[in-house]
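Okay, so here's the structure we're looking at.
The values are calculated or read from the model by the stated rules, or taken from the named source; none is laboratory data. Being a predicted model, the structure only gives us computed values, none of them experimental. So basically every Cβ, Gly included, is an ideal-geometry build from the backbone, and we count neighbours across all protein chains shown. Keep in mind that these areas ignore ligands, DNA and RNA; they rest on the heavy atoms of the full protein, side chains included. Shrake-Rupley method; radii C 1.70, N 1.55, O 1.52, S 1.80 Å.
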Amino acid sequence: MNLFILRHGVAVEPGSPGFENDADRPLIPKGERRLRAAAAAMKKMELSFDLILSSPLVRARQTADIVAGELKLKKQLQFSDALAPGGGMKNLARQLDERKPAPENVLLVGHEPGLSRLISLLVAGDDSAAVEMKKGGLCKLEADRLHAGRCATLIWLLTPSQMELMA
């Protein structure tokens, strides 16, 4: 399985007037622009996904919608509470491994620090590895079989600036 991990784009700052509820914070125009560039870079890399699984929070949902729309993969888009802040990353790994037929290329869209912890869990076996996912950053892991523990190899980790250069 190729597991691609995308952090949501730049969003309204926490606690901003009108957005007191963290789940309601949307992307700002800069975040949308950078994600369109990220999607263009994904196109150039000829990435495609059997499944796009996103946190249901507004900023992650918007991020997933932009990528799915640009790559013409709206039918592959689903949502999981396991990708929301405080969601169960071990449960997420188990959910993905139990899918039949097993998806070959999966894009996960979520939040920090959960995504870095997930990468660390799958690559190092625990959450001790220092991984920094920038807003709009994309990571690729490869795994024969996902489980909650060391099972994947880090192939690459791209910043939004690197993806803008590729677009």
Excluding Arg25 itself, calculate the net charge of residues whose Cβ lies under 10 Å from the Cβ of Arg25, where each Lys or Arg counts +1 and each Asp or Glu counts -1. -3
Rounded to the nearest 10 Å², what accessible area does Arg99 have for a 1.4 Å probe in the complete protein model? 80 Å²
Using the Karplus curve 6.51 cos²θ - 1.76 cosθ + 1.60 with θ = phi - 60°, what ³J(HN,Hα) values do you get for each residue of region 124-137, in whole Hz, with x for Gly and Pro? 9, x, 8, 9, 8, 6, 7, 10, 10, 9, 6, 4, x, x
Choose one answer from Gly18, Gly69, Gly88: the residue with the largest mean-square fluctuation in a GNM of the chain with alpha-carbon springs under 10 Å. Gly18
Exposed GluC sites (Glu not before Pro) being those in a DSSP loop with at most 10 other Cβ atoms within 10 Å, the longest stretch of the chain free of them is 47-167
Please report the equivalent ellipsoid semi-axes of region 80-167, computed as sqrt(5 x eigenvalue) of the Cα gyration tensor, largest first, in whole Å. 21, 15, 13
Mean ellipticity per residue at 222 nm, deg cm²/dmol - from DSSP H runs of n ≥ 4 across the chain, formula -39500 (n - 2.57): -10500 deg cm²/dmol
Ordered by residue, what ³J(HN,Hα) values in Hz, to whole numbers, does region 110-118 give under the Karplus form 6.51 cos²θ - 1.76 cosθ + 1.60, where θ = phi - 60° and Gly and Pro are x? x, 10, 8, x, x, 5, 5, 5, 4
Highest GNM mean-square fluctuation among Ala130, Ala23, Ala60, for the chain with Cα springs under 10 Å, belongs to Ala130
Checked region 52-121 with the C-alpha gyration tensor, a ≥ b ≥ c its square-rooted eigenvalues, rounded below a/c of 1.5, otherwise prolate if a/b is larger than b/c and oblate if not; verdict oblate
At a probe radius of 1.4 Å, what is the per-residue accessible area of Met89, in Å² to the nearest 10? 30 Å²
Between Asn105 and residues 5 or more places away or on another chain, which pairs have amide H atoms under 5 Å apart, with H built 1.01 Å from N, and which residues are they? Asn2, Asp50, Leu51
Ignoring ligands, DNA and RNA, what percent of the 1.4 Å accessible area of the chain is carbon and sulfur? 48 percent
With every protein chain kept in place and ligands, DNA and RNA left out, what is the accessible area per residue of the chain? Probe 1.4 Å, answer in Å². 49 Å²
Rank Thr159, Thr63, Thr153 by accessible area, highest first, at a 1.4 Å probe radius? Thr153, Thr159, Thr63
Which of the three applies to region 1-77, rounded, prolate or oblate, going by the alpha-carbon gyration tensor with a ≥ b ≥ c and a/c under 1.5 meaning rounded? prolate
Tell me, how many Å apart are the Cα centres for region 81-157 and for region 34-56? 16 Å
